[in-house]
Amino acid sequence: MELKGMRLVLGVTGGIAAYKAAELTRLLVKQGVEVQVAMTAGAGHFVTATTFQALSGRPVFADQWDARMPNAMSHIDLSRQADLIVVAPASADFLARAAHGLADDLLTTMVLARDCPLLLAPAMNRQMWQNPATQRNVAQLRADGVGILGPASGEQACGEVGAGRMLEPAEIVDAVQAFFTPKRLAGKKVLLTAGPTFEAIDPVRGITNLSSGRMGYALARAAQQAGAEVMLVSGPVALPTPAGVERIDVHSALEMQAAVMARAAASDIFIAVAAVADYRVAKAAEQKLKKDQGGVPTLELVENPDILAAVAALENGPFCVGFAAESENLEAHAQAKRQKKKLPLVVGNLIQDGFGGDDSRLALFDEHGAHPLPPASKATLARQLIEHIANLLRSY
């Protein structure tokens, strides 16, 4: 589900993490979300209403008796206009009041009067988070159907280290996206490969390619948001692990093969996105090759294993999805790959249409023919691909 057009109330409570709510507002607006900010009095000690008004393009509400509402019922009117309420940061005090149904300011009254979902992103000192009272309040909120996002662990503003940090704004946006994504892959185990492989020539040189890993990581994120348990086998990339995804780092094709084959039989879906090197050096040098050793070195290459073909050949193996990155004749090459390896689905793209970038153009090839997708971000294409896989699974 795209977030564009969604109406969201962002509640901001008092705490140093309130500064992150400004970036959260910016990211949500960038996604096309209509953000209405509601602040507590404490939040105003950290970030001003003017900041949120500038970022959201909407007036900020902080007073339960705000005269801008003709009926003086902003807690009703604002909540009825919202598809979702997110409170970030949610302080220990706010968690306690929300858990016990108190309604003594605009935000707590709105939460009590809402008829839409509620997500809370706690932020507080580690001892406050671990306090039995806070844990009882969080347990009660969860039992009442409230979503709790985080908190994360790490260094805190007070100088201590531990659980209690508010999730980063991008992580909260991901959580909102996941909340509204239909759980089409609930109960499924998805195994993916992503990124390039690196085949060593000597300790510092190797054979690799320009794959950024972005498409594979976007698919891992989309599958997790669709309810799947996701295992990501990744070649060397500089990308953060998507939330809720288990990641295994490898370098060579042989390492990737070992990681995949150890897990393939227990998976329901295998998506081979990685750009695996076709060849490796038969015997990598143990020491760095030097120019003054005489002449240009001769490298003997041997073929790497075909990981996708091996998984597709497993008896009662997973639903297999291959990728075909081509420079020409995309449909012919993609369909040939699908038929040769007996795959239900191959995803094809031309290298010149986004190899390594943030945007791309894909075409899906299955037994029903070709299904071109409009040019879009890799995140959008990943969600569309997961939807297509879920539809094919119904008849697989």
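The values are calculated or read from the model by the stated rules, or taken from the named source; none is laboratory data. Note that the structure is predicted; figures quoted are calculated from it, not measured. Cβ placement follows ideal geometry from the backbone for every residue including glycine, while neighbour counts extend to all protein chains displayed. With ligands, DNA and RNA removed, areas are computed over all heavy atoms of the protein, side chains included. Shrake-Rupley method; radii C 1.70, N 1.55, O 1.52, S 1.80 Å.
To two decimal places, what compactness ratio does the range 67-193 give when its Cα radius of gyration is scaled by 2.2 N^0.38 Å?
Dividing the Cα radius of gyration by 2.2 N^0.38 Å gives 1.19.
Can you give me the C-alpha center-to-center distance between the range 188-226 and the range 269-326, rounded to a whole angstrom?
A separation of 13 Å, based on Cα centres.
Tell me, what ³J(HN,Hα) does each residue in the range 337-352 have, in order and in whole Hz, if you take phi through Karplus 6.51 cos²θ - 1.76 cosθ + 1.60 with θ = phi - 60° and put x for Gly and Pro?
Those phi angles translate into 5, 5, 6, 4, 9, 6, 9, x, 8, 10, 9, x, 8, 7, 4, 6 Hz.
May I ask you to list the aspartates and glutamates whose Cα is less than 13 Å away from that of K290, ignoring any residue fewer than eight positions away on the same chain?
Within the straight-line limit of under 13 Å, K290 reaches these aspartates and glutamates: D202.
Suppose the Debye formula is applied to equal point scatterers at every Cα of the range 148-217; what is log10 I(q)/I(0) at q = 0.15 Å⁻¹?
Ignoring solvent entirely, the Cα scatterers give -0.85.
Under a cut-off of 25 Å between alpha-carbon atoms, report the lysines in cross-link reach of K291, not counting same-chain residues fewer than 8 places apart.
K283
Tell me, rounded to the nearest percent, the portion of alpha carbon pairs in the range 239-396 spaced more than 26 Å apart.
More than 26 Å apart: 37 percent of the Cα pairs in the range 239-396.
Given a cut-off of under 8 Å on Cα pairs at least six residues apart, what relative contact order in percent is computed for the range 219-338?
It rounds to 22 percent for the range 219-338.
Under 14 Å from the Cβ of L167, count the other residues' Cβ atoms, weight Lys and Arg +1, Asp and Glu -1, and hand me the total.
-2
Looking at the chain, identify the longest residue range that excludes and avoids all trypsin sites (Lys or Arg not before Pro) in DSSP loops having at most 11 other Cβ atoms within 10 Å.
69-282
I'd like to compare 87-95, 326-334: which one has the highest average count of other Cβ atoms within 10 Å, and what's the full order after that?
87-95, 326-334
Just the number please: accessible area per residue for the chain, 1.4 Å probe, all protein chains included, in Å². The partial results should precede the final answer.
Details: 19000 Å² over 396 residues.
Computed with neighbouring chains in place, this is 48 Å² per residue.
Quick one: what are the phi-derived ³J(HN,Hα) couplings along the range 94-103, Karplus 6.51/-1.76/1.60 with θ = phi - 60°, whole Hz, x for glycine and proline?
Karplus values, whole Hz, x for Gly and Pro: 5, 4, 5, 5, 5, 5, 9, x, 6, 9.
Which aspartates and glutamates, if any, have their Cα less than 16 Å from the Cα of K340, not counting same-chain residues under 8 positions apart?
D306, E331, D366, E367
First select every other residue whose beta carbon is under 10 angstrom from the beta carbon of F365; then total the charges, Lys and Arg +1, Asp and Glu -1.
Working: positive: K337, R338; negative: E331, D366, E367.
Here the charged neighbours net out to -1.
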